[in-house]
Amino acid sequence: MTERITMTESLPATAVVRVSRASFDPSRFSDVDAASKKTSAYIIPAIRRLSGLIHFYAGVSPKGSIVQVSVWDSDEHAAQLDRLKEMVVDGRRDMEAVGVTFTPIFNYPIDWNWIV
């Protein structure tokens, strides 16, 4: 087996990871997955207009969990999502309509990172 090359990503000292989690009845997986993909059509363009985004990931598990994880250059820039209409009004409405229940969102200062 060949050895993998690993390295760290150069991030600002102020970078944060924003984690948004939610749950749903696993029997609604296809509805939730479809709604997640639908919301991306208007959430992605809105997020592109914001400053400071480094990475954004979204995933839906058939076990009844959905997550959005993003990396921002600062807590201030990550907080833009807390006021983004497409996220907090439109996205929340569309996801709650298919049975998604949100938990509080947290921003975490990044202690370390590793890339394979």
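Laboratory data are not the source of any read-out in this text; all were calculated from the coordinates shown. It should be emphasised that the depicted structure is a prediction, and the values quoted were computed from it without experimental measurement. Using ideal geometry, Cβ is built from the backbone for each residue, glycine included, and neighbour counts are taken over all protein chains shown.
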- Dipole of the range 41-114, positive direction: furthest Cα of 56, 72, 113, with charges on the beta-carbon: 56
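Report the charge-dipole magnitude of the range 16-109 in Debye, nearest 20, computed about the Cα centre from +1 at each Lys and Arg Cβ and -1 at each Asp and Glu Cβ.
Values: 12 positive and 11 negative charges, 28 e Å.
Its charge dipole is roughly 140 debye.
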- Enter the angle in degrees (range 0 to 90, nearest 10) between the Cα long axis of helix 29-48 and the first principal axis of the Cα atoms of the chain, meaning the one along which they spread out most. 60
- Neighbour-limited loop hits for trypsin sites (Lys or Arg not before Pro), the range 22-89 (at most 16 other Cβ within 10 Å; DSSP other than H, G, I, E, B): 49, 63
- Report the dimensions of the chain along its three principal axes from the alpha-carbon atoms, largest first, rounded to Å. 42, 40, 23
- Full-extension gain in nm, residue 115 to residue 3, via 0.36 nm per residue minus C-alpha separation: 38.9 nm
